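K.L.:
Dumping the structure here so I can ask a few things about it.
The values are calculated or read from the model by the stated rules, or taken from the named source; none is laboratory data. Bear in mind that the values here come from a model prediction, so they are computed numbers and not experimental data. Heads up, the Cβs are rebuilt from the backbone with ideal geometry, glycines too, and the neighbour counts pull from every protein chain shown. Quick note on the areas: whole protein, heavy atoms, side chains included, nothing else; ligands and nucleic acids left out. Shrake-Rupley method; radii C 1.70, N 1.55, O 1.52, S 1.80 Å.
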Amino acid sequence: VHEIVDHSIRLAENSFGRGREIKASFDPSLPDALGDRDLMMQALINLIKNACEATEENGKIFVKTYFDS
């Protein structure tokens, strides 16, 4: 999952996320997840894009993963 999140952030930083600081915090204990890589990436890109649209220029966006049992 972290690879997909990281890739989505890099895509955002080089396009619609320019002018915003996007930070990530990854939980290393997160277990592997099964799913369609492309669909997961599209969902994350949509979430990051929504955050960019709701954030002013020079704003900060935080993306965090964590495991909650």
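K.L.:
For segment 34-54, enumerate the residues that are touching a helix residue (DSSP H, G or I) at 6+ places or on another chain (Cβ under 8 Å) and open to solvent by 60 Å² or more (accessible area, probe 1.4 Å). First the steps, then the outcome.
P.N.:
Residues of segment 34-54 touching a helix residue (DSSP H, G or I) at 6+ places or on another chain (Cβ under 8 Å): 37, 40-41, 44-45, 48-49, 52.
Matches in segment 34-54: Arg37, Lys49.
K.L.:
Scan segment 32-65 for residues that are of a type in the set (D, E, K, R) and either part of a strand (DSSP E or B) or more than 15 Å from Glu21 (Cβ to Cβ) (or both) and jot them down. Break it down stepwise before answering.
P.N.:
Step one: of segment 32-65, the residues of a type in the set (D, E, K, R) are 32, 36-38, 49, 53, 56-57, 60, 64.
The answer is Asp32, Asp36, Arg37, Asp38, Lys49, Glu53, Lys60, Lys64.
K.L.:
Inside segment 1-23, can you point out the residues that are within 11 Å of Val63 (Cβ to Cβ) and assigned to a strand (DSSP E or B)?
P.N.:
Across segment 1-23, the qualifying residues are Ile22, Lys23.
K.L.:
Still on this structure: For segment 26-36, does any single residue satisfy the condition of being within 13 Å of the chain's Cα centre (by Cα) and either of a type in the set (Asp, Glu) or closer than 29 Å to Ser69 by Cα (or both)? Before the answer, list the steps.
P.N.:
So the first thing to find is which residues in segment 26-36 are within 13 Å of the chain's Cα centre (by Cα), and the list is 26.
From the residues that got through so far, the ones that are either of a type in the set (Asp, Glu) or closer than 29 Å to Ser69 by Cα (or both) too are 26.
Yes, that holds for at least one residue.
K.L.:
OK, next. Which of the residues spanning segment 55-69 are closer than 16 Å to Ile9 by Cβ and open to solvent by 50 Å² or more (accessible area, probe 1.4 Å)? Can you show your working first?
P.N.:
Of segment 55-69, the ones closer than 16 Å to Ile9 by Cβ are 55, 59-65.
Residues satisfying the conditions are Lys60, Phe62, Lys64.
K.L.:
Enumerate the pairs (first residue in segment 26-40 and more than 10 Å from Val1 (Cβ to Cβ) and touching a residue at least 12 places away in the same chain (Cβ under 8 Å); second residue anywhere and open to solvent by 100 Å² or more (accessible area, probe 1.4 Å) and of a type in the set (A, V, I, L, M, F, W, C)) with beta-carbon separation below 9 Å, excluding pairs fewer than 6 apart on the same chain, so at least 6 apart or on different chains.
P.N.:
Once the first residue is more than 10 Å from Val1 (Cβ to Cβ) and touching a residue at least 12 places away in the same chain (Cβ under 8 Å) and sits in segment 26-40, its partners that are open to solvent by 100 Å² or more (accessible area, probe 1.4 Å) and of a type in the set (A, V, I, L, M, F, W, C) give Ser29/Phe67.
K.L.:
Going through segment 1-27 one residue at a time, which ones are among the small types (Gly, Ala, Ser) and either on the phi > 0 side of the Ramachandran plot or open to solvent by less than 30 Å² (accessible area, probe 1.4 Å) (or both)? Steps first, please.
P.N.:
Residues of segment 1-27 that are among the small types (Gly, Ala, Ser), as a first pass: 8, 12, 15, 17, 19, 24-25.
Once the filter is applied, which keeps residues that are among the small types (Gly, Ala, Ser) and either on the phi > 0 side of the Ramachandran plot or open to solvent by less than 30 Å² (accessible area, probe 1.4 Å) (or both), segment 1-27 yields Ser8, Ala12, Gly17, Gly19.
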